[in-house]
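Below is one structure, written out as structure tokens, with a few remarks after it.
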Amino acid sequence: MTARTQSAGSGRRAALLLLALAPLAACAPRRPEVVLFSAAAFEPVMHTLRPAAEAALGVRILAETGGSGNLVRRVVELGRACDLLVLADPALFRQAGGGRFTWRITFAGDEMVLGVGVRAPRADDAERDWAAVLDGPGVRLVRADEAISPAGARTLVVWSRREAAGAPGLRERLLRRTVSVADDVGTVAAQLKTGTADYAFLYRSSCLLHELRHIRLEPPCRLADDAERPDPEAIRYALSIPRDAPRPREAEALLRFFLDARRDLWADSGFIPLRPRFFGSRDDYERFRAIADYGGPF
């Protein structure tokens, strides 16, 4: 038998094998597909959790990340199908959700820090007085877009609080020193890592996840949860399932997995795990009673 004949025979056998296996493949059960939209701040954690969640729940997770404002617009304005939405600002579910959300669960917190770029000037001086360094010459600031990213809006709050503490006009001067405005915290972190910007205000979790040097701020500027002095603008993260979610049962199972299964991972990644709190009607709360406290109306 020639080599050409052997090759042809092998090809025919392979084709016959594929034909024989095709009915079996067609009969194999398809895993339900769950669409997950999550804020960019969570992307590294979600990347770690996703394989474990898929294996535990028997689903395939189709994940997208972005600025929280953009994610809500994908659901409300573009009509994109979404089963579970995880945002960096709980208020967006009610304020921008277009009636598609009737409850939310807060589950973690964070704090604002000053992220330091790889080429940032006077970084050691910024440890002592960040406002003076950022207000000086030759500093390139980047910030997240406040219209899209809660981190951007919180950056402006930090500047305003520092201005009120004794730096008149600081906010406007820092706005002028901003050389780049990005869609989300992931893009901001990338600019610090590549040296195209010097400083940015980010979540502590984002700096840890992206291995960025960062400087802790004075307590009023951290926007962190404080049990003794609650801050109405404290950073909290929340999730919810849209009223018209294609797969609400699978979405709820995924939600429970995120809240229950790997809380240690959230803490290790720099987030501040909080006892989950449910905001919505008492009727909706009943099925979450075992995993969340009741926080009040939506």
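The numbers here are math on the coordinates, done by the rules we state, and not lab data. Just so it is clear, the structure is predicted and the values come from calculations on it, not from any experiment. We place every Cβ from the backbone using ideal geometry, glycine too, and count neighbours over all the protein chains shown.
Could you tell me the center-to-center distance, by alpha carbons, between segment 46-66 and segment 197-263 in angstrom?
Measuring centre to centre over Cα atoms gives 18 Å.
Residue-wise, which Karplus ³J(HN,Hα) couplings in Hz belong to segment 185-192, taking 6.51 cos²θ - 1.76 cosθ + 1.60, θ = phi - 60°, and x for glycine or proline?
With the stated coefficients, segment 185-192 comes to 5, x, 5, 4, 4, 4, 5, 5 Hz.
What does the charge count near Arg74 come to, summing +1 for each Lys or Arg and -1 for each Asp or Glu among other residues with Cβ under 9 Å from its Cβ?
0
Using only DSSP helix segments of four residues or longer, with each worth -39500 (n - 2.57), what per-residue ellipticity at 222 nm results for the chain after dividing by its residue count and rounding to 500?
Counting only the DSSP helices, I get -12000 deg cm²/dmol.
Return the loop-located GluC sites (Glu not before Pro) in segment 165-269 (DSSP other than H, G, I, E, B) with at most 15 other Cβ atoms within 10 Å of their own Cβ; answer none if there are none.
When the GluC sites (Glu not before Pro) of segment 165-269 are filtered for loop state and at most 15 Cβ neighbours within 10 Å, Glu211, Glu228, Glu233 remain.
Can you list residues whose amide H is under 5 Å from Val35's amide H, if they're 5+ apart or on another chain and H is modeled 1.01 Å from N?
It is Leu62, Asp83, Leu84, by chain and number.
Once you sort the root eigenvalues of the Cα gyration tensor of the chain as a ≥ b ≥ c, which label holds: rounded (a/c under 1.5), prolate (a/b larger than b/c) or oblate (the other case)?
In terms of gyration-tensor shape, oblate.
Measure off 7 Å from each Cα along the Cα-to-Cβ vector at Glu228 and Arg256, then give the distance between these two points in nanometres to one decimal.
Inter-label distance under the simple model: 3.9 nm.
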